[in-house]
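For reference, the structure is listed below as structure tokens.
The values are calculated or read from the model by the stated rules, or taken from the named source; none is laboratory data. Since the model is a prediction, treat every value here as computed from it, not as a measurement. Cβ placement follows ideal geometry from the backbone for every residue including glycine, while neighbour counts extend to all protein chains displayed. Heads up: the accessible areas ignore ligands, DNA and RNA and are worked out on the full protein's heavy atoms, side chains in. Shrake-Rupley method; radii C 1.70, N 1.55, O 1.52, S 1.80 Å.
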2 protein chains.
Amino acid sequence: MRLFIEKGFDGATVEEIATAAGISRRTFFHYFESKDDILLSLQGDVGKLFAAEVRRAPPATSPFALVRDAALRVCASIPGDDMLAIDRLMRGSASVQARKQASYRQQEEALFSAIRERWPEPERETRLRVLAMVAVGATRLASETFNQEGGARPFDEVLRGAFDAVTAEFTTTAP
Amino acid sequence: MRLFIEKGFDGATVEEIATAAGISRRTFFHYFESKDDILLSLQGDVGKLFAAEVRRAPPATSPFALVRDAALRVCASIPGDDMLAIDRLMRGSASVQARKQASYRQQEEALFSAIRERWPEPERETRLRVLAMVAVGATRLASETFNQEGGARPFDEVLRGAFDAVTAEFTTTAP
DNA sequence: AAAAAACATGCACTCAGTGTAATATAATAA
DNA sequence: TTATTATATTACACTGAGTGCATGTTTTTT
């Protein structure tokens, strides 16, 4: 982390990082598949947390409400300062940035599986895929806003705002 | 393309690709920033097409309908066979896959800008970000399904199904 | 035809990532 | 404790992506 802050992501070589950590270059690659993984591993397995939360959630008024509340609970457990710091470092590398986006797709997949267990009717599949996409997407939008604002508002609030915007934009009052 | 099919993405070296194309390795990197870009450039600038379509679209009943119809028009112009072929090649490399996901974020950004021009009210910003996210997300889900199915149904149909699922999942009948 | 701009290439270099084999360290059985 | 056996660490050598720089080769422009 110190090296990344001092020299940037590309500026710090694996050699330097390994030496600073008191191990050899080769041993570094025994613990991390790539240099990117240093930052990616910090992100943690949000997808699995999210899915687990959905599985243990009580019956809800709607799938959307259940997923929204699960998202709020998961994110309540993540310190905002860490989010800001990790995000700042990740901006340093395009390939890290790309893999981060790719990780959202995995989260979506994990979340979909969990949702699917609760509503297994085949004809609902597409709708539930959409739900998972929206949930992960809203969470991503919230974290983008949160980082953009530099943590001005608490993450919970921003996240709730994102989910509320979904409701507001798509819930048309039918006759 | 031939080399990628024969030897896989990682199996084909830039050296070989350049030679097969009748140029030098160094010249290759004059045209492509990276090996990944060979496949990524095939994807084309879908985001810009999408945004342009939104800009030229006639007034619509709702932002959602406008964006949905724009998506349908853009995708009508893309040959399904190409989509399948490109997708098959892209599966060969994790880093290409990652950059592809990252490109969806850029599409979202471009789309958001275009939508924003039509509804510039500041208080709508979050809702329109959500709309762009959902539109790009639905398009992505549709193309995932389309590729999964190997092109069994026409892309238009799958895409329409994805947007319909959004409506179905979120349009609750209020009293 | 001469000058300038754009394109192509060769060369040398850095660095990420991998396979392999040797060596050290820790864990376990005797 | 000692011998044995995993397991962790390392050195070494190699491939291949990507870059900077200098030089050569076309096109354009004047």
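What the table below lists for this structure:
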item: Debye log10 I(q)/I(0) at q = 0.18, 0.20 Å⁻¹ for the range A:48-152, Cα point scatterers; result: -0.89, -1.04
item: Per-copy distances of the A:Pro58 label point, shortest first, in nm (7 angstrom along Cα→Cβ); result: 5.1
item: Across the identical copies, how the B:Ser41 labels are spaced - nm, sorted shortest first, 7 Å along Cα→Cβ; result: 3.6
item: Range in chain B, longest, excluding exposed GluC sites (Glu not before Pro) [loop by DSSP; at most 15 other beta-carbon atoms within 10 Å]; result: B:34-148
item: Accessible surface of B:Met90 - all protein chains present, 1.4 Å probe, nearest 10 Å²; result: 0 Å²
item: In Å², nearest 10: area of A:Val166 left accessible to a 1.4 Å probe; result: 0 Å²
item: Length-normalised contact order for the range A:35-170 - Cα pairs under 8 Å, 6+ apart - percent; result: 30 percent
item: Size-normalised alpha-carbon gyration radius of chain B, reference 2.2 N^0.38 Å; result: 1.19
item: For B:Thr13, inter-copy label distances in nm, listed shortest first [label point 7 Å out on the Cα-Cβ vector]; result: 2.2
item: Estimated inter-spin distance, A:Ala52 and A:Thr19, nm [label 7 Å along Cα→Cβ]; result: 3.9 nm
item: Helix-only [θ]222 nm of chain A, DSSP H runs n ≥ 4, -39500 (n - 2.57) each, per residue, nearest 500; result: -23500 deg cm²/dmol
item: Helix axis angle, B:94-118 relative to chain B longest principal axis, alpha carbon, degrees; result: 40 degrees
item: Most to least accessible of B:Ser143, B:Ser41, A:Ser62 (protein chains only, probe 1.4 Å); result: B:Ser41, A:Ser62, B:Ser143
item: Degrees separating the helix A:155-170 axis from the principal Cα axis of chain A, which is the longest one; result: 40 degrees
item: Relative contact order for the range A:4-92, counting Cα pairs under 8 Å that sit 6 or more residues apart, in percent; result: 33 percent
item: Computed E for A:Asp82/A:Phe29 - FRET, C-beta separation, R0 22 angstrom, nearest 0.05; result: 0.30
